[in-house]
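Engineer: For reference, the structure I am asking about is given below.
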Amino acid sequence: MFLSSGAIRINLEKANLDIEWMPVSQLKSESVQRARNILAKLKTDIEHKDQLKLLIQQRNIDDMSDEQAEFKILLESICQLTNEYYGVIPLQGYGSEKLSMIDTVESVRAHAQKLDDILELELSYKILLAAQANLSRMSPLDYLYKSINCQLEALNPDDIDSQFILRYIRASAPPNTKVEQILKISRANDDERFNERNVGNRYLLWH
């Protein structure tokens, strides 16, 4: 669960955030959104840069002075945007090491995933902080449960849904797999939203 201390530690490692430069308490969703905007600009520049590079390689270099000048401008823009990104989201090594340039579409995707992890980290921290602040009137576990705005229901192993899930687990999981508990999770108004979409074919989605 994303609110457990273990999950938070894992997210810190995945996000690779330098908490000396950016303590968890200073994480803001606005900063994450700004970083996303920078990544979007980087992706556009990188794709344009790759197209120009291919064009320059395929044609006579003497006839490509304009393209080469544009290529240089794009490289400078990518360098500037990379520095701007690391200024908004300082990662491990930000203060003392040379960080890698974000100059490929793959690296943009990797950093976009880091931002997802950071956003989840920010949310977890705020909820845990609020639970601590409300200790006098509510159990922390009750507060955390209410904060996720979901209902968790433990299914009986003999229920049809449980048997259906167990059948798939036994057919695909290693022989020694042990199922501790199957939980049914529902969010407020989920059924209404699902029915509004009028989905015909339904498939199991495994996490």
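The values are calculated or read from the model by the stated rules, or taken from the named source; none is laboratory data. In this text the structure is predicted, and so the values were computed from the model without any measurement. We place every Cβ from the backbone using ideal geometry, glycine too, and count neighbours over all the protein chains shown.
Engineer: Residues that are more than 18 Å from Glu30 (Cα to Cα), exposed (fewer than 15 other Cβ atoms within 10 Å of the Cβ) and touching a helix residue (DSSP H, G or I) at 6+ places or on another chain (Cβ under 7 Å): does region 79-96 have at least one?
Structural biologist: No, every residue in region 79-96 fails to be more than 18 Å from Glu30 (Cα to Cα), exposed (fewer than 15 other Cβ atoms within 10 Å of the Cβ) and touching a helix residue (DSSP H, G or I) at 6+ places or on another chain (Cβ under 7 Å).
Engineer: In region 36-76, what count of residues is obtained for those that are within 25 Å of the chain's Cα centre (by Cα) and under 17 Å from Asp103 (Cβ atoms)?
Structural biologist: Residues flagged as within 25 Å of the chain's Cα centre (by Cα) and under 17 Å from Asp103 (Cβ atoms) within region 36-76 amount to 10.
Engineer: Would you confirm, using the coordinates I've provided, whether Asn176 is more than 26 Å from Ser29 (Cα to Cα), in contact with a helix residue (DSSP H, G or I) (Cβ under 7 Å, 6 or more places away or on another chain) and either modelled with pLDDT of 80 or more or of a type in the set (Asp, Glu) (or both)?
Structural biologist: Values: more than 26 Å from Ser29 (Cα to Cα): yes; in contact with a helix residue (DSSP H, G or I) (Cβ under 7 Å, 6 or more places away or on another chain): no; either modelled with pLDDT of 80 or more or of a type in the set (Asp, Glu) (or both): yes.
So Asn176 does not fit the description; no.
Engineer: When you scan region 126-141, do you find a residue that is more than 24 Å from Glu180 (Cα to Cα), in contact with a Phe, Trp or Tyr (Cβ under 6 Å, 6 or more places away or on another chain) and touching a residue at least 12 places away in the same chain (Cβ under 8 Å), even just one?
Structural biologist: Within region 126-141, one or more residues are more than 24 Å from Glu180 (Cα to Cα), in contact with a Phe, Trp or Tyr (Cβ under 6 Å, 6 or more places away or on another chain) and touching a residue at least 12 places away in the same chain (Cβ under 8 Å).
Engineer: Next question. Quick check on Lys114: is it touching a strand residue (DSSP E or B) at 6+ places or on another chain (Cβ under 9 Å), assigned to a helix (DSSP H, G or I) and farther than 30 Å from Asn189 by Cβ?
Structural biologist: Judged against the criteria, Lys114 is a match.
Engineer: Give the residues of region 158-172 that are in a loop (DSSP other than H, G, I, E, B) and surrounded by 12 or more Cβ atoms within 10 Å (Cβ to Cβ), sorted by residue number.
Structural biologist: Within region 158-172, just Asp159 meets the criteria.
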